[in-house]
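The values are calculated or read from the model by the stated rules, or taken from the named source; none is laboratory data. Note that the structure is predicted; figures quoted are calculated from it, not measured. We place every Cβ from the backbone using ideal geometry, glycine too, and count neighbours over all the protein chains shown. SASA here: full protein model, heavy atoms, side chains in, ligands and nucleic acids out. Shrake-Rupley method; radii C 1.70, N 1.55, O 1.52, S 1.80 Å.
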Amino acid sequence: MLNDINLIPQTEVVEQKKTQVLKSSSIFSVILLIVSIGVSAYYFINLTDVNSKIKQTDADIEMSRGQIRSMSEIEVSARNLDKKISALKTLFNGRSKYSLLLKEMEARKPADVTIQNSDIKVGQISISGTSGSYISVQSYVNNFLNKDFEGGNPELKDMFVDVSLNSVSLDKGSNSVKFLIVVSYQDGKLQGL
Amino acid sequence: MQEEKKNQINISDILYKIKGAILNFIIPLVSILVTFVLVVFYIIPSYKDLPLKKEELDRKTKTKNILSTKVADLNRLVDFQDMLDENLEVVNKVLVPEPEVPRLLDQATQIAERSGMSLDKLSYSYSSKGTSGGGFDMITVSMGVKANYEQLVLFMELVEKAARYVSIPVFRYSVSSKTDEEGNLSSTFSMDSPYLFVQSAAVTDDPINLDITSSEFIDFMEMLKGLDYYDFINPNIEAVEEEPVEEEPVELEQPAEPVAEPVEEPLVEPVLPEVSDENTETPVEEDNLFLNQ
């Protein structure tokens, strides 16, 4: 019970609390100051470091630019060559090798089929000719679409995608069959070979 | 004596108050003021500035690296200058900077002769875009020739191997009407030859993508060097210059109904019916039916 009795006057208690609050606020403000000085020092060191690196990099860049400018003639030659090479690669990669197409057409042609006219453009061939029989015409059409055709270029086995028989007529004078077919082919297969 | 004691007490009381004021008022006030000044005028701007500066440093470091690489590349190109000039010369022969029409006509004529063709017609025209793709200026050479099928194939092969780049977007051939030239074909070609003039500028900060020591580049140059180069032997080839015409597609026969699947087993050869007329048109549908039976 004796412990509960506080003989210190109330005014003194208030005074002591005031002093404590003042003391702790002072300590807090000083700690705040120290922390802010620390953070400032951190930023100062970092910024100084980054700024000095930027200056050094700027100097290096200027030096490199000077060296590059002194070799501008060779740079122009290299750029010209690069542009032409790029253009040529585009051209060569996009060029269709019609020699291969002609060989493939000939390879797939039955012996008794004779081509009278042929128009060849990108992706489509129109062929008119004569044949000894209907069977040969049929065989010619089938050969175009036969993906396992032997005797042709293996790389071009599936080049022909569609064959349309537009007309067939009988030439009584020569006892031959006249035909007109339109062949669709994948032009890309002839490129880059 | 009492007076003196009282004065001493007063002085120590004043000193105590001053000390209290300094400790409890001035130091915290100054601390807070300095903290405020540091935060507002240094820490916050630095906080905002530091990432920007780091970004700037990164950017400049990248530029520096690009330029360093470029310097190294250029130094290598200086070492290989002869090779560079030689390659540029080769490339300029394949993709010429000017139309050089007589040289192209001469090349076309030489190819035709080499493949054993007889040249019937030769003309040329200028066009801004060829059918072979790209936005190149083109010279289009039209040729009419007489040849057999093998010569035609050989001609195509020679064109594909010719040093000056030529492509054939469209061609047609038909059996010659002359009966004494059995097996000969009358053929017409349209040959596109692009030309490209390039004049680059030195752009200091842009890297050079050309690596003349790479295997891809060396292989490509070897391919170009392996092409057939034709000497300019006949500058006076006569050829008609045609007006550039809007490109019209060659009219091909439109396909009829496609033959869907190849017939594996052909039927027995049909007996051709005897008809009094010389030519008897058989309807397409009937033939298709017949062929697909």
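Among the residues of the range B:124-135, is there at least one that is under 30 Å from A:GLU73 (Cα atoms) and either of a type in the set (A, V, I, L, M, F, W, C) or touching a Ser or Thr at 6+ places or on another chain (Cβ under 6 Å) (or both)? Checking the range B:124-135: at least one residue is under 30 Å from A:GLU73 (Cα atoms) and either of a type in the set (A, V, I, L, M, F, W, C) or touching a Ser or Thr at 6+ places or on another chain (Cβ under 6 Å) (or both). Kindly evaluate B:LEU38 against the criterion of being crowded, with 18+ Cβ neighbours inside 10 Å and either assigned by TED's automatic domain parsing to the domain that holds B:MET143 or at pLDDT 90 or above (or both). In short, yes. The set of residues from the range A:103-124 being part of a helix (DSSP H, G or I), in contact with a Gly (Cβ under 9 Å, 6 or more places away or on another chain) and facing chain B (nearest Cβ under 7 Å) comprises just one member, A:LYS103. Taking the condition free of Cβ contacts under 8 Å to residues at least 40 places away in the same chain, within 9 Å of another protein chain (Cβ to nearest Cβ) and in contact with a Leu (Cβ under 8 Å, 6 or more places away or on another chain), does B:SER68 pass? Against the criterion (free of Cβ contacts under 8 Å to residues at least 40 places away in the same chain, within 9 Å of another protein chain (Cβ to nearest Cβ) and in contact with a Leu (Cβ under 8 Å, 6 or more places away or on another chain)), B:SER68 does not qualify. Has the range A:24-34 got any residue that is farther than 30 Å from B:ASN92 by Cβ, open to solvent by less than 30 Å² (accessible area, probe 1.4 Å) and over 44 Å from the mean Cα position of the chain (by Cα)? Yes, the range A:24-34 has at least one match. Checked against (1) within 18 Å of B:VAL153 (Cα to Cα); (2) surrounded by fewer than 16 Cβ atoms within 10 Å (Cβ to Cβ), A:LYS109 meets all criteria but (2). Kindly indicate whether A:GLU106 is closer than 30 Å to A:TYR134 by Cα and among the charged types (D, E, K, R). When the stated conditions are applied, A:GLU106 passes them. Only residues that are among the small types (Gly, Ala, Ser) and either at positive phi or touching a Lys or Arg at 6+ places or on another chain (Cβ under 8 Å) (or both) were counted across the range A:94-120, and they come to 1. Only residues that are closer than 19 Å to B:LYS161 by Cα and either assigned to a helix (DSSP H, G or I) or not assigned by TED's automatic domain parsing to the domain that holds B:THR188 (or both) were counted in the range B:102-124, giving 12. Sub-6 Å Cβ pairs linking a first residue in the range A:127-146 that is within 9 Å of another protein chain (Cβ to nearest Cβ) and in a helix (DSSP H, G or I) to a second residue that is polar (S, T, N, Q) and crowded, with 21+ Cβ neighbours inside 10 Å, at least 6 apart or interchain, are A:VAL137/A:SER131, ordered by first then second residue. Among the residues of the range B:150-174 satisfying the criterion of being farther than 26 Å from B:VAL96 by Cα and surrounded by fewer than 20 Cβ atoms within 10 Å (Cβ to Cβ), which is modelled with the highest pLDDT? Per the stated criteria, the residue is B:GLU150.
Checking A:LEU100, A:LEU165, A:LEU91 one by one, the residue that is within 9 Å of chain B (Cβ to nearest Cβ), open to solvent by less than 20 Å² (accessible area, probe 1.4 Å) and not in a strand (DSSP E or B) is A:LEU91 and no other.
For the range A:70-79, filtering for residues that are within 7 Å of chain B (Cβ to nearest Cβ), assigned to a helix (DSSP H, G or I) and either open to solvent by 20 Å² or more (accessible area, probe 1.4 Å) or aromatic (Phe, Trp, Tyr) (or both) leaves 4. Here B:ARG59 clears all of (1) at the interface with another protein chain (Cβ under 10 Å from one of its Cβ atoms); (2) surrounded by 13 or more Cβ atoms within 10 Å (Cβ to Cβ) except the condition numbered (2).
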